[in-house]
1. Scan the range 158-177 for residues that are over 15 Å from the mean Cα position of the chain (by Cα) and under 24 Å from Leu209 (Cα atoms) and jot them down.
2. Could you tell me whether Arg186 is among the basic types (Lys, Arg), more than 19 Å from Val78 (Cα to Cα) and crowded, with 17+ Cβ neighbours inside 10 Å?
3. Residue by residue through the range 74-122, note down the ones that are out of contact with any helix residue (DSSP H, G or I) (no Cβ under 8 Å at 6 or more places or on another chain), crowded, with 16+ Cβ neighbours inside 10 Å, over 15 Å from Glu62 (Cβ atoms) and of a type in the set (A, V, I, L, M, F, W, C).
4. So is Phe219 at pLDDT 90 or above and in contact with a Gly (Cβ under 7 Å, 6 or more places away or on another chain) or not?
5. Just one of Ala241, Ala233 is within 19 Å of the chain's Cα centre (by Cα) and assigned to a loop (DSSP other than H, G, I, E, B); which is it?
6. Of everything in the range 91-111 that's aromatic (Phe, Trp, Tyr) and either under 18 Å from the mean Cα position of the chain (by Cα) or outside any loop (DSSP other than H, G, I, E, B) (or both), which residue is nearest to Thr32 (Cα to Cα)?
7. Suppose the filter is among the β-branched types (Val, Ile, Thr), without any contact (Cβ under 8 Å) to a residue 24 or more places away in the chain, touching a Phe, Trp or Tyr at 6+ places or on another chain (Cβ under 6 Å) and surrounded by fewer than 18 Cβ atoms within 10 Å (Cβ to Cβ); does Thr218 pass it?
8. Residue under question is Pro189, and the condition is that it be at pLDDT 90 or above, within 18 Å of Glu155 (Cβ to Cβ) and of a type outside the set (A, V, I, L, M); does it hold?
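The values are calculated or read from the model by the stated rules, or taken from the named source; none is laboratory data. Computed from a predicted model, the values in this text were never measured in an experiment. All Cβ positions, glycine included, derive from the backbone under ideal geometry; neighbour counts span all protein chains shown.
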Amino acid sequence: MDMRTIDRLGREVSEVGLGTWQLGADWGEVSTDDALAILDAAYDSGVRFFDTADVYGDGVSEQTIGTFLRTRGHTDLVVATKMGRRASPHEAAAYTLDNFRAWTDRSRTNLGVEVLDLVQLHCPPTSVYSDDEVFGALDTLVAEGRIRAYGVSVETRDEALTAIARPGVASVQIVFNMLRQAPLDRVLPAAAAAGVGIIARVPLASGLLSGKYDRTTTFPANDHRTYNRRGEAFDVGETFAGVDFSTGLEAVQRLLPLVPAPATMAQFALRWILDQPGVSSVIPGARNAVQALGNAAAADLAPLTPQVLAAVTEVYQELIAPQIGDRW
């Protein structure tokens, strides 16, 4: 597993990380034993970057990672968490130093650490990105020793570009995959020029790019792929990357013949992200240890050929871009 440096964090992260939304409760139930097995498998395969959030399972994801850290004794991991979505209502006025202290203290307790490696604002209202007081408060958290560095998790390219221009932002987490290629144009080059890390989230488009779904596939009622398919609970771009399920299935059928043997469709999709200049880490989730091992193995694939990269772009431009346009 190759490591990539996030300059403003001053740390290396594995190019394939692990997203842990699924260790909460928004992808159906995952038992504690299964969750720890996922973390073990990821670590054993070279993953050294875990991404979580304080609202994943209302802290369950953080607590599970905390149990892993405490019982396994590993010290070479970077654990990133996110904050902001605990605010109710979720509005810009909630992004205050007092709330930041309370939220980060809760995450420190959940994870069992004195200092949080990386804290990201969790898709805040757009106005937050232009608020100097918010970022001054984040600087205060660093000075107080609560956090080592901070970043943002964004919904749109404009939000990403605003954040990248701020000197204290270490990383930007953004939806980026074969079905959401818009960040290629401006976001990735700007981040690379500024020394800001790019963390690619929703890399498999909520499983669409695993190649395992068809028109008969259904999901549990407590799975966001059921309850947020049209953005009922949060931004629809977080579910299937904002792509209509049927259109996504059609795109996958076009992509499958491009998969190099012996890779899986999911590994192919992850390798495509790793081949894009400026990406620091890609953070697929995993529902079991086998998936965690398979995702990590994407790092072992050879870079894709120019011909394959061009073919992926063609599928995106013909099927996906006309549907989602510049929405994100």
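1. none
2. No: the conditions fail for Arg186.
3. Listed by number, the list holds a single entry, Ala94.
4. The answer is no for Phe219.
5. None of the other options fit; the residue is Ala233.
6. Among residues in the range 91-111 that are aromatic (Phe, Trp, Tyr) and either under 18 Å from the mean Cα position of the chain (by Cα) or outside any loop (DSSP other than H, G, I, E, B) (or both), the one nearest to Thr32 (Cα to Cα) is Trp103.
7. Considered against the rule, which asks whether it is among the β-branched types (Val, Ile, Thr), without any contact (Cβ under 8 Å) to a residue 24 or more places away in the chain, touching a Phe, Trp or Tyr at 6+ places or on another chain (Cβ under 6 Å) and surrounded by fewer than 18 Cβ atoms within 10 Å (Cβ to Cβ), Thr218 comes out as no.
8. no
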